[in-house]
1. List the residue pairs whose Cβ atoms are under 8 Å apart, where the first residue sits in region 64-76 and is within 12 Å of LYS196 (Cβ to Cβ) and touching a residue at least 24 places away in the same chain (Cβ under 8 Å), the second is of a type outside the set (A, V, I, L, M, F, W, C) and part of a helix (DSSP H, G or I), and the two are 6 or more positions apart or on different chains.
2. Looking only at residues that are basic (Lys, Arg) and part of a helix (DSSP H, G or I) in region 29-86, which one is surrounded by the most Cβ atoms within 10 Å (Cβ to Cβ)?
3. How many of the residues in region 41-86 are of a type in the set (Asp, Glu), at pLDDT 95 or above and over 20 Å from GLN105 (Cβ atoms)?
4. Confirm whether ALA162 is buried (at least 21 other Cβ atoms within 10 Å of the Cβ) and part of a helix (DSSP H, G or I).
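The values are calculated or read from the model by the stated rules, or taken from the named source; none is laboratory data. Since we're looking at a predicted model, the values are computed, not measured. Cβ: placed from backbone, ideal geometry, glycine included. Neighbour counts: every protein chain shown.
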Amino acid sequence: MKFYSQRGFALASLVAAVGLASMPASAADYVAGKDYVVLDNPESINGDKIIVREFFWYGCPHCYALNPHMQKWAKTKPSDVLFLESPAALNPMWEVNARGFYAAQLMGYQAKTHNKLFDAIHKDNQRLFDQNSLSKWYANQGLDQKKFNSLYNSFAVSTKVARSKAGAKRYQLTGVPAVVVHGRYVVQGESEKVPKVVDYLVKKVRTDLKAGK
């Protein structure tokens with residue numbers, strides 16, 4: 001099970017025996033330290049929703065591999081779960097795409113362009129890692145290019161980017177993809193196993209919340 005690290009964009013292994021990552025596992029087999037990480041300082045989250053937050057970078061091949069599994073999961077997730085897509089901004093290059101994501105989000109195009117941008121980079125080999133190329137690409141998807149550029153460095157987008165950075169730091173993330181479950185657990189990987197572990201942890205959080213934990 002691998003993830004894309006912001007330190008030199010290197011690949012890093014999350015488990016000692018990589019072969020275990022591809023083996024089927026039942027919920028009873030999911031183990032802290034192997035299938036997920038328990039955060040030392042869990043976040044205190046108010047509200048009646050269980051928050052699942054996926055950190056990614058559009059240029060990351062592992063994020064691209066995980067995306068369809070998370071997209072499928074999002075369509076059938078429990079009603080008490082709120083799923084948030086959070087573009088990681090752990091370095092200047094990643095921040096470029098994070099700003100593009102949030103600009104598109106503010107213009108109401110996030111859902112329409114999310115999968116398309118992944119495909120453009122990984123299937124069509126487009127280098128969409130600077131404001132100019134991004135603004136042209138988003139314009140081709142129907143966005144007003146002038147408005148996109150005005151939002152790109154706006155206070156609203158900068159605030160969202162800052163929150164993404166703060167979240168990554170709080171959850172001690174060093175790479176992506178990373179799925180954070182209610183500020184308590186982190187799941188990393190790129191296979192269909194990830195949403196299964198997420199479901200397991202959602203149930204665990206739900207039980208703990210009912211118990212007042």
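1. What qualifies is HIS69/PRO195; MET70/PRO195; LYS72/PRO195; TRP73/PRO195; TRP73/ASP199.
2. In the first step, residues of region 29-86 are kept if they are basic (Lys, Arg); the result is 34, 49, 53, 72, 75, 77.
Right, trim to part of a helix (DSSP H, G or I) and you get 72, 75.
Working: LYS72: 12, LYS75: 7.
Residue satisfying both the conditions and the ranking: LYS72.
3. Just the residues of region 41-86 that are of a type in the set (Asp, Glu), to begin with: 43, 48, 54, 80, 85.
Of the ones still in play, those that are also at pLDDT 95 or above are 54, 80, 85.
This time we only want the ones that are over 20 Å from GLN105 (Cβ atoms), so: 80.
Within region 41-86, residues that are of a type in the set (Asp, Glu), at pLDDT 95 or above and over 20 Å from GLN105 (Cβ atoms) number 1.
4. Details: buried (at least 21 other Cβ atoms within 10 Å of the Cβ): no; part of a helix (DSSP H, G or I): yes.
Here the answer is no, as ALA162 does not meet what is asked.
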